[in-house]
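The structure under discussion appears below in the form of structure tokens.
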Amino acid sequence: MRTALITGGARGQGLSHAKRLAAAGWAVVIGDVLDEDGTASAKELSDLGHSVDYRHLDVSDPDSWDSVMEFVRDEHGSLHGLVNNAGIIHVADIVEESLEVWSRIVSVNLTGSFLGLKAASPLLEVGSSVVNVASVFGPIGARGYAAYCSTKAGIIGLTKVAALELAERRIRVNAICPGGVSTKMNEDEPEGGVSDDTPFGRRAEVDEISGTVAFLLSDDSRFITGTEITIDGGLTAK
């Protein structure tokens, strides 16, 4: 049985990815700081007969990563997939953004992905796959999203470097760039968000992102690495 670790998997996109992989027969480890949600989500999936565990994981903390990697090693032996999905957002113009908030977003979104690659690489089997969750706000900008855009652009760059460094072990590293997605994380965004500019006229549902994640973790994408796939309802086609 293949094993995947999904960060930020207690709810939203991460939980949707966990459900998709578990249904496909993967063993899934959910990592998050939302312990109550994560425990409940893992129990829900386990009660359906899936192999799903929850572990507390602060992606900005190297010690927290070490603890989760120890659990994976003890329970599963190795990893076949990593989804660096954990992320946070804050909307403010540059002149109004605080250094504290900027640093926190960088530590979770970008440093968290770096630490995930660093910690998981020794456990990733030959032929494994990593999916880093970037955003359409990586390749393009958006007013009020300085910290978020910067981290997502950084994730795309990190993805390309990791793909080069891990290619000798045939470990693929790719990024996805979702447009607006309906999750609790974006409830505080301005009304409409990017959906008003999206040709499809709406945000994506979480399961509309999970299919691409499952594809990138599967052998069907075995010659795809170092790239980013946009899932945005046509937003960046204009």
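Numbers below:
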read-out	value
For the chain, calculated [θ]222 nm from helices alone, where every DSSP H run of n ≥ 4 adds -39500 (n - 2.57)	-12000 deg cm²/dmol
Only Lys, Arg (+1) and Asp, Glu (-1) charged, at Cβ; the chain dipole about Cα centre in debye	880 debye
For region 54-62, 3J(HN,Hα) per residue [Karplus equation, 6.51 cos²θ - 1.76 cosθ + 1.60, θ = phi - 60°, Hz, x = Gly/Pro]	10, 9, 5, 8, 9, 5, 8, 10, x
18 Å Cα-Cα reach of residue 118 towards aspartates and glutamates, excluding residues that sit fewer than 8 places from it in its own chain	32, 58, 61, 63, 66, 70, 165, 168
Per-residue HN-Hα couplings for region 127-137 [Karplus 6.51, -1.76, 1.60; θ = phi - 60°; Hz; x = Gly/Pro]	x, 6, 9, 10, 10, 9, 8, 9, 5, 4, 7
Pair residue 164, residue 51: separation of 7 Å Cα→Cβ label points (nm)	3.6 nm
For region 20-26, Karplus couplings with θ = phi - 60° (6.51, -1.76, 1.60), whole Hz, Gly/Pro x	5, 5, 4, 5, 8, x, 7
In degrees, nearest ten, helix 207-217 long axis to first principal axis of the chain (Cα)	50 degrees
Gyration tensor verdict on region 1-85 (Cα atoms; rounded if a/c is under 1.5, prolate if a/b is larger than b/c, oblate otherwise)	oblate
For region 65-152, Kirkwood radius (reciprocal of mean inverse C-alpha pair distance, Å)	14.3 Å
Computed E for residue 238/residue 40 - FRET, C-beta separation, R0 45 angstrom, nearest 0.05	0.65
Selection from 41, 27, 12 lying farthest towards where the dipole of region 1-65 points positive, charges on Cβ	27
Gain on full stretching of the segment that runs from residue 71 to residue 98 - 0.36 nm per residue minus C-alpha separation	6.1 nm
Debye-sum result for region 24-67 in log10 I(q)/I(0), which assumes one identical scatterer on each alpha carbon, at q = 0.17, 0.20, 0.21, 0.24 Å⁻¹	-0.47, -0.62, -0.66, -0.79
Surface share of carbon and sulfur [accessible, 1.4 angstrom probe, percent] for region 47-153	51 percent
Gyration tensor (alpha-carbon) shape descriptor, the chain, a/c threshold 1.5	rounded
Interchain or long-range residues, amide H under 5 Å from residue 204's placed H	180, 181, 182
Whole-angstrom gap from region 1-28 to region 114-174, using each part's C-alpha centre	18 Å
Solvent-accessible area per residue, Å², over the chain with all protein chains present [probe radius 1.4 Å]	47 Å²
Helix axis angle, 35-47 relative to the chain longest principal axis, alpha carbon, degrees	50 degrees
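The values are calculated or read from the model by the stated rules, or taken from the named source; none is laboratory data. Just so it is clear, the model here is predicted, and its values are computed rather than measured. So basically every Cβ, Gly included, is an ideal-geometry build from the backbone, and we count neighbours across all protein chains shown. Protein only, heavy atoms only, side chains kept; ligands, DNA and RNA dropped before computing areas. Shrake-Rupley method; radii C 1.70, N 1.55, O 1.52, S 1.80 Å.
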